[in-house]
Structures are given as structure tokens and as C-alpha cells.
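Enquirer: Here you go, one structure.
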Amino acid sequence: MPHRAIRTAFALAAIVLALSGTALYLAVRLSLPALSGELEIAGLDAPVEVLRDAHGIPHIYAASERDAQLALGFVHAQDRLWQMEMNRRIASGRLAEVLGERALPTDRFLRTIGIRRVAQANIDHLDTGSRSLLNAYAAGVNAFLDAKRVLPIEFWIFRFSPQRWSEVDSAAWAKMMAWELGGNWQNELLRLQLARRINTQSIQEFLPPYPGDAPIELPDLRLFYGDWEREPPQISRAEHLGGASNSWALSGAHTASGKPLLANDPHLGLTAPGVWYFAHLNAPGLNAIGATLPGVPGIVLGRNDRIAWAATNTGPDVQDLYLEKLDATGGYVTPGGVAAFTTLEETLKVKGGEDQRLHIRISRHGPVISDVMSEALAATPRGHALAFAWTALAEDDVSLQALFKLPRAGSWPDFVEALRDFQVPQQNFSYADVAGNIGFIAPGRIPVRQRANALKGLAPAPGWDERYDWAGFVPFDELPRSFNPQSGRIVTANQKIVPPGYRHHITAEWFLPYRAQRISDLLDIQPKHDRSSFARMQMDVVSLPARELLPRLVAVQGASAEASDVLKMLAAWDGTMAADRPEPLVLVAWWRELSRALYADELGPAFRAAWSERASFVSNVLADKNGQGHWCDDVRTRRVESCDDVLNDSLERAIGDLRRRYGDNPDGWKWGAAHEARLRHRPLSRSSWLRRYFDIVVPSGGDSYTVNVGRMDFEDDAEPYSNRHAASFRAIYDLADPQASVFVHPGGQSGNVFSPHYRDLAPLWARGDYVPMLTERSRIGPAERLVLKPKR
């Protein structure tokens, strides 16, 4: 009898497990979008046809642009709903509602900055047509939500359902992308922190000027700010990665076809799913394809039948910190007397916890971040508050309008006129057209700083002194631009883009010119280029800083037999950061330890947040440029260490670290395995057992300075060499035959982990392959056809 009961119990358990498995399977299948057939949705004026090609790219054919944007909202929600939900919660400061108390610091900061508040104000300044398209897009997202489909599994895991989409959700995420591409304020904060520990000359050495430029003269910051009574804690991140990118264009005089070629690969943080979603929109007067942002209508980067456009980050100085002197009455001091802060009270809801009240103060310069950011508070002198000014916080920003105008542009004048609306973030927009023209322009709202401003936007300014206030903005027609240059080429890779004598100050913190130089060198190699040569260039992993540093590094003797063997290996290497080689890993591990040895002692608590390659600084120190070799001495010891001492010691530490991580055999230390590109899922990448299913991982080469970029985070002890910031997509536009243009991004079109299109593009991206960028219906090939019909 007991045996029969046991058998019965096992049989029932098996049935329950089978039913549960079947239910899970059905739920998973039902969470995948309908890609064929017909659906009735609200808001459409006429039927829309959606053809998804073999790679999951939707080709949307509509009778009006309004219907096309509505359908784009629908397919975005079909494929990327969880990503869109996370994006709008980030921008709105509402992560804690889903993730709990751990997300409160992020929510407090972003609520204080006011991304969503400003986005709402921006919508009120858009023209009627742009408002209509924003509204249509939101209607498309909500049409999907109204269909009551089974939601992606992340909504099950976190046990909530999405609220309806709004115009503000779209505008806020577009604004958040400007935040991702900025960050110079963090270097201002770093200078304020460093002024406690080192003199201004050393700060200028640590944050050196662009190669060839003289340092901008600053006052003695220690005297300028006076004494502090508080010591700053270790800070979380002092140097924002920002957005890097490459773009280059050649006129027909330098191409095999006799027509222009244009390449683009914007560099952003790697996420799963990726930042971009490819789509094709076809409507009367509109036939464009390219990269879209899930949650935002319009095509951001791409081509139509006449032109192609690309973008790289200019990296302008459009953010300033201001020290506001507090008054005993609760106000702050201005040039005209004491003023009251504008105050707001907001409520932050917390999953599993009590609601939190947030008191926000806003000065005439901007929101007070020292109220919500411990590192900013600790760096702020007693009796002061630290306010944040940013051009993107202007209520009259209408940058979204440009996203609707660009895909309709058919000529250089159209292109320039569309970009008059583009205010943030400043970008180097490159251009090519079928008529044979190439060009670039850097639109954006750039503050004019007064001559009497002794800080030039490089360090927090006294808010009570009007000399440090912005004096208007650079006129659009005076921003950098070029059209059909005599050289027949345009290269933008975040390098300095203004000529000598340019009258306006864009920034003093241009990205180092290594990638731009390498692109120019590769363009010089052959007289005529084609798509294949451009594709090889996009995958180039020669590191010019590595080539610069190697002679100095391998000149040391080596303190052990193992170190001597490693030095011989590096001496025979050419600085190519290939995924299948051990030398790149050895170099970067050594570089990491060398960086620690050079400035951890001087920076103290600020070190870890400022820990990165800093190629220009390291090169200057090892060359003892203007006596900068003093950084090799450890100021914490009585002994005076030489640079050779530091090089030998850091090499031994690097070898020890590599042995612990990857074993004793240097031949097994492969760069691609250590430097894997990990597309991290928000937020399931934090789970050690879920990340293996949701993260997308592929080997990768390159480093922070190669054309095929792969930036790391030395501060992360667990994965210091992992590729975190790389080409978020690659595109090559062929203006001889726009249908021959190609593109790829590193993940897949779908954000549903159970979809075949969740990670199918990753191997192509890793190999340097592409998919066709087609708009001619007859060339799209086999496709799944979905017809969206107006709801009756």
C-alpha cells in the first residue's frame, strides 16, 4: 500500500510538472509578438503593412507619416517593451517602484535633475506636426498594451504590468540620451575634490590638455576654494564614459564607384537588448531606414533615397557646476542679493518599503545636486550648495523636431535646415548624398563663457559672481561645419574639430585623437576605397597608444625570469589588440597596475572613481615631460621611487593578477576571452544565475583607443578587462547604390529572450559582418507580413 501511494504521489507530481512546463511553454510562446496575419488597432487612419525580414527588421508601409510612426510605436512595443519600460523609469526616476530600495539613489538624483519635468516643458514648445507624430507613436505603444498580449518574462519576474505610454515618456528618454552622451560636470567635481590633495599644476597634469594645446590657465584652486572642514569619501564614479564614436566620409574622387561612401559606428554602453532598433519607414514623402531608439519616434541615424547621415559625439562643455553661497534665511546669494530657491516636493514609491519624500531645491543656475549626491555634498565647502547647469534643461529645447525632419531631407540645405532645431546633445553630423556631396556640421546649444571667467567651465564656479554666468549661446551659423572639403574626406572621431583661431570655446576636453589619426592613416593606404575597405577599417584594432608606450615599457630589465619572458613577448608585438593574442591582455593588465601605482597615492579616496587608462597622462609621466616623472614617486613612502621601479613593480603585480585569473601559462591568456563584449541586461545582469540567460556575450578585440573600440572599467575588480562600451551599431552607406548600404548592431532586434532574434546579430557584429539596409520592397526577400488595420 505505501508503495502504491508513493507511486501515485510521483505520478501526480509528474503530471503537475508536465502541466507547469506546458503552461510555461505556452506563456513563453504567447509572449512572442504576432508577426503575421491581421490585427485591428486603435488610432490608425488606414491599414499599415509591416514586413519583417529574415533579421527581424520591420519595413513599415503606411499611407501617412502619422500612421507610420504609430506603427513604429506598435512594433517597438512588440519587440522591446521591457527595455522601453526600464528606459522611461530611468528617465523619470521611478526605478525603486520596481527594483526596491537599492534604486533610490538613482531615483533621487534623476528626479532632482528633472529630466522628465523638462521633457514635459519641451513638448509644449514643439510645432504642431511634431506633437502629432509624438502622439501617434504613443498611441501605437498603447495599442499594443490594449491587445492584452502575454507580457515578456521580466514583467512576471518583477510582478507588475506597464502603465500606458505618453508623449512625455518618449521626450524624456530622448533627453536621457543627451545625458548619456555628456558628463563633463564630473571632471569639474573631480577637480574640486583633487584641489584638497594636490596643487593646480598637478591637477592640470593629471587632466592634461588636448595634444598640442597649451593648458588653460586656472587660478590656484586650493586658494580659490579656501579650506574645507569635511574629507570626501570614496566616490562612485568621477569620470563619465560619455559617448564616443567614429564617422568618416569620402567623396567620389576617392572611391571605386565614383560616388561618396559614409561610415558610422556610434560607441555607447553595451546593453541587452541593444540601444538601437533598426526599422524602415515608408509613407508619402518618406522612405528612410536606419537606427531608431525604442521609446522614441523617428529615425535617428540612417539614410533615405537621396542622403545618408551619421553622427559622433562632439563632447562639448555644456554643463557647469556652481557653488551657491547659502544665506541664514534659507536662500542663496546672487549678484543682485539673496534669492529664494525654487522648491519642489516629490514622492518616491519604493517596492517593499515606505514612500520617500524628496525635497528639491533649484537655484537660478539649476538643480542642487549636493542635496542628493553624497560625493557632491562631501566636496562642497561648508555653507554652500552645489548646483548643476546644463543646456539640456532649457524649457525651449526642440531637438525632437530634427528627428522628424532629417529623414525627409533630400539635399545639404535641407539637412542643415533640419539641424537648426537640434540643440542637445551637440553632435558632429556627417553627410553624403547621391549627387556626390559630403559634409559635416556640429549643431548644438553651446554656452558662451565670459572672458572674465577664470575657470572656463573646468571647475565649479562661484554662483554669486556674475562673471561666471553664461553670456548667451554660440549662433548656429557660427558652429563648426564643412561642405565638400578640398581633401575629399571628412573624419570625426571625437577629436578636436575646430581650426586654429576658431573664435568660440566649445570645450577644453576633446577626446584624444588616436582613433581619428588611425582612420586617416587607413584612408591614406589606398587611393580608392569601397565598402569592403570601410568594413575592414571598422574592425581595425591597432592601438596607437600601445605603440607609443611599448618602447618605454619593454626598456625595463624585468625583475624576474617570468617578467623577462613577458617583456620579450611584448617587444615582438606590434600593438594590435587582437582577440586571439595574449599580448594585449598582458599590456592592459600592466597598464591597470601601472595606473594604480602612478596616482592612487596622490588621489587618495578619489582614486578608484578616476581609475582608467589615461593614455596622454601616462605617456607624459613615463616620458618625464616637463618633469612629470614625479608621479612615479609614491608620496606615502620615504623612498623616492623611479619610473623604472614603478614599471617593474606594476609588471610583477600584473603577472600575478593574470595567473590568478587565467592560469600559469601566458599562451592561454587570450585577450578576447578577458575582453569579452558583455551586453548587460537591465537589471537581470545583476543576478549571477539569470545573467547567463539574459546577457549576450561574444569575444572582442580592441581597446579604448582603437577604431573598433572596446572600453573597460578598471575599477571593477571582478571584470576589469570586460568590454563595456563599444560600437552600438555599424553602418556603411553607399551613395552609388543606397540599396547596397549595410548595417549591424551587437545584439538582436528582439528584447524577448525567447525570440530567435534576441541575439542573432551578435556573431555578425563580432566578426565584422553586416546585414543589408534595403528599402526596395522587391529586394527585401522572404518576410513575415503583418497588416495593422484601423479598429472599427
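Enquirer: Could you run through the stretch 68-125 and say how many residues are farther than 21 Å from ILE369 by Cβ, open to solvent by 10 Å² or more (accessible area, probe 1.4 Å), charged (D, E, K, R) and part of a helix (DSSP H, G or I)?
Expert: Residues in the stretch 68-125 being farther than 21 Å from ILE369 by Cβ, open to solvent by 10 Å² or more (accessible area, probe 1.4 Å), charged (D, E, K, R) and part of a helix (DSSP H, G or I): 3 in total.
Enquirer: Please work out which residue is least open to solvent (accessible area, probe 1.4 Å), limiting yourself to the stretch 169-219 and to residues that are touching a Lys or Arg at 6+ places or on another chain (Cβ under 9 Å), farther than 24 Å from THR314 by Cα and without any contact (Cβ under 8 Å) to a residue 24 or more places away in the chain.
Expert: Residue satisfying both the conditions and the ranking: THR200.
Enquirer: Restricting the search to the stretch 162-184, which residues are in contact with a helix residue (DSSP H, G or I) (Cβ under 9 Å, 6 or more places away or on another chain) and modelled with pLDDT under 95?
Expert: Of everything in the stretch 162-184, those that are in contact with a helix residue (DSSP H, G or I) (Cβ under 9 Å, 6 or more places away or on another chain) and modelled with pLDDT under 95 turn out to be ALA178, TRP179, GLY182.
Enquirer: Follow-up. Kindly check whether there is at least one residue in the stretch 22-33 that is part of a loop (DSSP other than H, G, I, E, B) and at pLDDT 60 or above.
Expert: yes
Enquirer: Here is a follow-up. Taking the condition among the small types (Gly, Ala, Ser), surrounded by fewer than 20 Cβ atoms within 10 Å (Cβ to Cβ) and modelled with pLDDT under 95, does GLY656 pass?
Expert: no
Enquirer: For the stretch 390-432, how many residues are in a loop (DSSP other than H, G, I, E, B) and touching a residue at least 24 places away in the same chain (Cβ under 8 Å)?
Expert: Residues that pass the stated criteria total 13.
Enquirer: Surrounded by fewer than 22 Cβ atoms within 10 Å (Cβ to Cβ), at pLDDT 95 or above and part of a strand (DSSP E or B) - does that describe any residue in the stretch 362-383?
Expert: Within the stretch 362-383, one or more residues are surrounded by fewer than 22 Cβ atoms within 10 Å (Cβ to Cβ), at pLDDT 95 or above and part of a strand (DSSP E or B).
Enquirer: Among residues belonging to the stretch 571-605 that are open to solvent by less than 10 Å² (accessible area, probe 1.4 Å) and either of a type in the set (Ser, Thr, Tyr) or at pLDDT below 95 (or both), point out the one that is farthest from ALA195 (Cα to Cα).
Expert: Among them, the one singled out is SER595.
Enquirer: Here's something else I'd like to know. Take SER595 and decide whether it is part of a helix (DSSP H, G or I) and in contact with a Leu (Cβ under 7 Å, 6 or more places away or on another chain).
Expert: For SER595, the condition - part of a helix (DSSP H, G or I) and in contact with a Leu (Cβ under 7 Å, 6 or more places away or on another chain) - is not met.
Enquirer: For residues in the stretch 688-727 being open to solvent by less than 10 Å² (accessible area, probe 1.4 Å) and among the aliphatic types (A, V, I, L, M), which is farthest from ALA546 (Cα to Cα)?
Expert: Per the criteria, the residue is ILE696.
Enquirer: With SER700, SER685 as the choices, which residue is among the small types (Gly, Ala, Ser) and in contact with a Gly (Cβ under 6 Å, 6 or more places away or on another chain)?
Expert: On inspection, the qualifying residue turns out to be SER700.
Enquirer: Are any of the residues in the stretch 324-336 loosely packed, with under 15 Cβ neighbours inside 10 Å and either in contact (Cβ under 8 Å) with a residue 60 or more places away in the chain or assigned to a strand (DSSP E or B) (or both)?
Expert: yes
Enquirer: Among the residues in the stretch 433-447, are any out of contact with any strand residue (DSSP E or B) (no Cβ under 6 Å at 6 or more places or on another chain), in a loop (DSSP other than H, G, I, E, B), within 29 Å of ARG191 (Cβ to Cβ) and basic (Lys, Arg)?
Expert: Within the stretch 433-447, none of the residues are out of contact with any strand residue (DSSP E or B) (no Cβ under 6 Å at 6 or more places or on another chain), in a loop (DSSP other than H, G, I, E, B), within 29 Å of ARG191 (Cβ to Cβ) and basic (Lys, Arg).
Enquirer: Another one. Looking at (1) more than 30 Å from ASN453 (Cα to Cα); (2) among the charged types (D, E, K, R); (3) not in a loop (DSSP other than H, G, I, E, B), which one does ASP540 not meet, given that it meets all the others?
Expert: Result: ASP540 passes all but (3).
Enquirer: Let me ask you something else. So which of ASP530, ASP540 ends up being in contact with a Ser or Thr (Cβ under 7 Å, 6 or more places away or on another chain), acidic (Asp, Glu) and open to solvent by 30 Å² or more (accessible area, probe 1.4 Å)?
Expert: Exactly one residue qualifies, and that residue is ASP530.
Enquirer: Would you confirm, using the coordinates I've provided, whether GLY558 is assigned to a helix (DSSP H, G or I) and either in contact with a Leu (Cβ under 9 Å, 6 or more places away or on another chain) or touching a residue at least 12 places away in the same chain (Cβ under 8 Å) (or both)?
Expert: In short, no.
Enquirer: Another question, then. Of a type outside the set (Lys, Arg), open to solvent by less than 10 Å² (accessible area, probe 1.4 Å), modelled with pLDDT of 95 or more and touching a helix residue (DSSP H, G or I) at 6+ places or on another chain (Cβ under 9 Å), is that true of ALA402?
Expert: yes
Enquirer: Is it true that ALA559 is surrounded by fewer than 18 Cβ atoms within 10 Å (Cβ to Cβ) and touching a helix residue (DSSP H, G or I) at 6+ places or on another chain (Cβ under 8 Å)?
Expert: yes
Enquirer: Quick one: is ALA253 touching a strand residue (DSSP E or B) at 6+ places or on another chain (Cβ under 6 Å) and either open to solvent by 30 Å² or more (accessible area, probe 1.4 Å) or outside any loop (DSSP other than H, G, I, E, B) (or both)?
Expert: In short, no.
Enquirer: Check ILE506, ILE490, ILE519 and return the single one that is surrounded by 21 or more Cβ atoms within 10 Å (Cβ to Cβ), of a type outside the set (Phe, Trp, Tyr) and under 30 Å from ALA452 (Cβ atoms).
Expert: Going through ILE506, ILE490, ILE519 in turn, just one is surrounded by 21 or more Cβ atoms within 10 Å (Cβ to Cβ), of a type outside the set (Phe, Trp, Tyr) and under 30 Å from ALA452 (Cβ atoms): ILE506.
Enquirer: Further question: Quick one: count up the residues across the stretch 448-497 that are in a loop (DSSP other than H, G, I, E, B) and within 30 Å of LEU326 (Cβ to Cβ).
Expert: 15
Enquirer: Considering every residue within the stretch 50-58, establish whether at least one is in a helix (DSSP H, G or I) and not hydrophobic (A, V, I, L, M, F, W, C).
Expert: no
Enquirer: From the list ALA311, ALA263, ALA288, ALA244, which one is crowded, with 20+ Cβ neighbours inside 10 Å, within 19 Å of the chain's Cα centre (by Cα) and under 24 Å from GLY73 (Cβ atoms)?
Expert: ALA311
Enquirer: Does the stretch 728-744 contain at least one residue that is assigned to a loop (DSSP other than H, G, I, E, B), more than 28 Å from ALA606 (Cα to Cα), open to solvent by 20 Å² or more (accessible area, probe 1.4 Å) and touching a helix residue (DSSP H, G or I) at 6+ places or on another chain (Cβ under 7 Å)?
Expert: No, the conditions are met nowhere in the stretch 728-744.
Enquirer: Name the pairs whose Cβ atoms lie under 8 Å apart, with the first residue in the stretch 653-669 and farther than 18 Å from TRP591 by Cβ, the second open to solvent by 30 Å² or more (accessible area, probe 1.4 Å), and 6 or more positions between them or separate chains?
Expert: That search, which allows pairs on different chains as well, returns GLY668/TYR662.
Enquirer: Kindly indicate whether GLU346 is buried (at least 20 other Cβ atoms within 10 Å of the Cβ) and assigned to a strand (DSSP E or B).
Expert: no
Enquirer: For the condition buried (at least 16 other Cβ atoms within 10 Å of the Cβ), modelled with pLDDT under 95 and over 23 Å from ASP397 (Cα atoms), what is the one hit in ALA238, ALA143, ALA139?
Expert: When all the criteria are applied, what remains is ALA238.
The values are calculated or read from the model by the stated rules, or taken from the named source; none is laboratory data. Since the model is a prediction, treat every value here as computed from it, not as a measurement. Positions of Cβ are generated from backbone atoms using ideal geometry, with glycine treated the same way; all protein chains shown enter the neighbour counts. For accessibility, only protein heavy atoms count, side chains too; no ligands or nucleic acids. Shrake-Rupley method; radii C 1.70, N 1.55, O 1.52, S 1.80 Å.
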